[in-house]
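In what follows, a structure is listed as structure tokens, so that the remarks can point back to it.
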Amino acid sequence: MAKSYLVLEDGSVFEGEPFGHKGPVAGEVVFSTGMSGYQESITDPSSKGQIIVMTYPLIGNYGISDDYFMSEHVQAKGLVVRDYCKEPSPMYGGRTLEDLLKKDKVPGITGIDTRELVRKIRSSGTLRGMITSEYTEQTIKELKRSPFPSESNLAGEVSCKKIEKHDLGKGLKIGLIDCGGKSILKDLGQRFDVVVFPYDTPADIIIENKVKGVVVSAGPGDPSHPALRKTTVKTISELSSVMPMFGTSLGGQLIAIAMGGKTYKMKFGHHGSNQPVKCEGKVYITSQNHCYAIDENSPGNDMISDQMNVNDGSVEGIKHKKLPIFTTEYQPAASIELWDTSFLYDKFAKAAKEGRK
């Protein structure tokens, strides 16, 4: 039986069996805590550069569905599971997770003690790792010297490349700055006509399109990356005095930086569909996928934190004291599964209709 290995930069080695694409791959190892949603996790552009460890033990049991893609292909570098199900339920047509990984040339490894692996990540923090069929001491040395994925402009790699206009007959036009979270378009389309802009679109182009407000999407990577400071952050800063703004995950972190705030890399981030957030006196269970957060002591000029993570106390949202500008670290969904935070879209719609006052 073929063997595969997950090698970590601290010298740890986990032995398992390969599935999916048969090729070595390196990335940042993170864990996702959802009981389901493996397809959403690996196709989410925010997962670019990551090797994802699924904490729920049985993965692949309900197969692959066209309804659950977050982008056109797998974005994660690799997938680590305890038990891979080779024969999924026929509910979605019997398409297997392995077929998807093979198509997009993404390796997986099964048979790993994911509990031990997650404990290590929680203790040591996010580590660089490699899925490979063989390794030597040189492999670990190379991992230690390799750059973290966030050193690249990941948001720029997954953003759309040209302006896209979606006239949906809603009568209220808003802009979406796509940093890698264009999947939000489905939710926005229930309320707005949407113009999608590449991440590096200048402010004057957005204003010329006569949008009434701007949403800055989620996405992968470090919000303080120089390429983002020169483009997206600059655009946000120039638009902040012109129109309402709403940022999710990376988009919210970029708004914080544009307003003079600071961000930091979390020890192991938030990845999964069960993150508890306290917002307006209630606790909501949210879906998240980010490695960075807003510094609660430096949220930005005239910005205050108004949402917190119940588990670790990190900032989950900030808002401006006077202007209609606010953020979340989670994705406010309007789907039947996560409808309870969709009121934030209503809040943004109200601000967009009223305009700057």
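The values are calculated or read from the model by the stated rules, or taken from the named source; none is laboratory data. Just so it is clear, the model here is predicted, and its values are computed rather than measured. Backbone-built Cβ (ideal geometry, glycine too); neighbour counts: all protein chains shown.
Can you go through L8, L58 and tell me which one is among the hydrophobic types (A, V, I, L, M, F, W, C) and surrounded by fewer than 16 Cβ atoms within 10 Å (Cβ to Cβ)? First the steps, then the outcome.
On the way: L8 fails: surrounded by fewer than 16 Cβ atoms within 10 Å (Cβ to Cβ).
None of the others qualify; the one that does is L58.
When both residues are 6+ apart or on different chains and their Cβ atoms are under 6 Å apart, which pairs have a first residue that lies in the stretch 208-233 and is within 28 Å of K170 (Cβ to Cβ), and a second that is among the β-branched types (V, I, T) and at pLDDT 95 or above? If the second residue must be among the β-branched types (V, I, T) and at pLDDT 95 or above, the pairs left are N209/V195; V211/I174; V211/V195; K212/I174; G213/I174; V216/I177; A218/T248. For the residues S36, S46, the requirement of being of a type in the set (S, T, Y), touching a residue at least 12 places away in the same chain (Cβ under 8 Å), on the phi < 0 side of the Ramachandran plot and outside any loop (DSSP other than H, G, I, E, B) singles out S46.
The numbered conditions (1) within 24 Å of S241 (Cβ to Cβ); (2) under 21 Å from the mean Cα position of the chain (by Cα) are all true for G300 except (2).
Filtered by the rule that a residue be part of a loop (DSSP other than H, G, I, E, B) and either touching a Phe, Trp or Tyr at 6+ places or on another chain (Cβ under 6 Å) or of a type in the set (F, W, Y) (or both), the stretch 296-331 gives a lone residue, Y330.
When P324, P299 are checked against the criterion of being out of contact with any strand residue (DSSP E or B) (no Cβ under 7 Å at 6 or more places or on another chain) and more than 30 Å from D67 (Cα to Cα), a single residue qualifies: P324.
Sort out which residues of the stretch 22-41 are over 11 Å from N289 (Cα atoms) and either among the acidic types (D, E) or surrounded by 20 or more Cβ atoms within 10 Å (Cβ to Cβ) (or both), and write them in order of number. Once the filter is applied, which keeps residues that are over 11 Å from N289 (Cα atoms) and either among the acidic types (D, E) or surrounded by 20 or more Cβ atoms within 10 Å (Cβ to Cβ) (or both), the stretch 22-41 yields A26, G27, E28, V29, G37, Y38, Q39. Total residues in the stretch 66-111 satisfying the condition of being modelled with pLDDT of 95 or more and either among the β-branched types (V, I, T) or part of a helix (DSSP H, G or I) (or both): the figure is 14. In the stretch 262-282, the residues that are on the phi > 0 side of the Ramachandran plot form Cβ pairs under 9 Å with partners that are β-branched (V, I, T), at six or more places apart or across chains, as follows: G269/V30; G269/T126; G272/T33; G272/T55. Among the listed residues E116, E134, E142, E151, which satisfies the condition of being more than 17 Å from K212 (Cβ to Cβ) and in contact with a Pro (Cβ under 9 Å, 6 or more places away or on another chain)? Step by step, each of E116, E134, E142, E151 is checked, and only E134 is more than 17 Å from K212 (Cβ to Cβ) and in contact with a Pro (Cβ under 9 Å, 6 or more places away or on another chain). So which residues in the stretch 53-65 are among the β-branched types (V, I, T) and either part of a loop (DSSP other than H, G, I, E, B) or on the phi > 0 side of the Ramachandran plot (or both)? Matches in the stretch 53-65: T55, I64.
Within the stretch 159-179, if we keep just the residues that are loosely packed, with under 15 Cβ neighbours inside 10 Å, among the basic types (K, R) and not in a strand (DSSP E or B), the residue that is nearest to the chain's Cα centre (by Cα) turns out to be K161.
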